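One structure is given below, encoded as structure tokens.
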Amino acid sequence: MNDYGFIIIRHVNSEITNEYWNHSVKLLKSLYPDKKIVIIDDNSNTEFLKSDFNYENVEIVQSEFHGSGELLPYYYFLKNKYFDNAVILHDSVFFHRRMPFELLKNIDVIPLWHFNPDRLDLSTTLQITNKLTNFNHINEKLQLKNNILGMSHINDSGIWYGCFGVQSYINHNFLIKINNIYNIENLVNVIKTRPHRCCLERIMGSIFYTEYNGLRNRKSLFGDIMKYQKWGGSFEQYKNNLKKGTVEKGVVKVWTGR
């Protein structure tokens, strides 16, 4: 069945970061052997880029939009209906337990993790949203004019939560809908740096919470990233835990600062 698959954003700049995507794909293949995986490569260094295996049912797309990072899976999913629903991941996210995404078939979108609204680098965020269409009410939400930071109520019409890493489960038709409203594909020519991608977490979170009321009942699949696991854990720490058998979470995120 073509009900869902995985889209992984990849950037390799060292031997260590080349391990990330290989490890992620191998874990997903063991848990979801029949599911297609699409890897969107964002300007990896070919000196370090190497596949451990000849992976089956894995498509690799070389993006021409260097630096657009977490926006790219959405851009290419808009252009190519790889499956009905996509699980969008970083290459530094590792699945150790099978999550039943097939149960989410009636959900339009849900972030994998969320974080509380804030005004971090608000001026840059607003500069980016101004490149969207119908951006005024999104700008108002992002400014948190009617909410106390960290104290917003889920029933407030102006509420939003950040979409950590812009990682989500999203339906293709819903993505087309929000692109028709906001023209988010335009941002591939705007999102070019890590600070821009941090702003994108807030912009996409605001759009998701605006356009899908189901998020009022559940903010994300795995919860608040600040409470989910220790912030900033490295790949080396993760590998040590893996060797010791002390990996506690079914899905693990590691940080690398690329």
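Kindly evaluate ILE8 against the criterion of being in contact with a Phe, Trp or Tyr (Cβ under 7 Å, 6 or more places away or on another chain) and surrounded by 14 or more Cβ atoms within 10 Å (Cβ to Cβ). Spelling it out, ILE8 is indeed in contact with a Phe, Trp or Tyr (Cβ under 7 Å, 6 or more places away or on another chain) and surrounded by 14 or more Cβ atoms within 10 Å (Cβ to Cβ). (1) at pLDDT below 95; (2) among the small types (Gly, Ala, Ser); (3) assigned to a helix (DSSP H, G or I): which one isn't true of GLY205, the others all being true? Looking at each condition in turn, GLY205 falls short on (1). Among residues belonging to region 90-114 that are surrounded by 21 or more Cβ atoms within 10 Å (Cβ to Cβ) and among the aromatic types (Phe, Trp, Tyr), point out the one that is farthest from the chain's Cα centre (by Cα). Filtering region 90-114 for residues that are surrounded by 21 or more Cβ atoms within 10 Å (Cβ to Cβ) and among the aromatic types (Phe, Trp, Tyr), the one farthest from the chain's Cα centre (by Cα) comes out as PHE94. Filtering VAL58, VAL38 for residues that are in contact with a helix residue (DSSP H, G or I) (Cβ under 8 Å, 6 or more places away or on another chain), of a type outside the set (Lys, Arg) and more than 17 Å from ASN171 (Cβ to Cβ) leaves a single hit, VAL58.
Give the residue, chosen from TYR20, TYR55, TYR76, that is in a loop (DSSP other than H, G, I, E, B) and either farther than 26 Å from TYR212 by Cα or touching a residue at least 40 places away in the same chain (Cβ under 8 Å) (or both).
Details: TYR20 fails: in a loop (DSSP other than H, G, I, E, B); TYR76 fails: in a loop (DSSP other than H, G, I, E, B).
That would be TYR55, the only listed residue that is in a loop (DSSP other than H, G, I, E, B) and either farther than 26 Å from TYR212 by Cα or touching a residue at least 40 places away in the same chain (Cβ under 8 Å) (or both).
Quick check: anything in region 230-245 of a type outside the set (Lys, Arg) and within 29 Å of LYS105 (Cα to Cα)? No.
When VAL252 is tested against (1) at pLDDT below 95; (2) under 24 Å from ILE107 (Cα atoms); (3) hydrophobic (A, V, I, L, M, F, W, C), exactly one condition is not met: (1).
The values are calculated or read from the model by the stated rules, or taken from the named source; none is laboratory data. Only a predicted model underlies this, so the values are computations on that prediction, with no experimental measurement involved. All Cβ positions, even for glycine, are placed from backbone atoms using ideal geometry, and neighbour counts span all protein chains on display.
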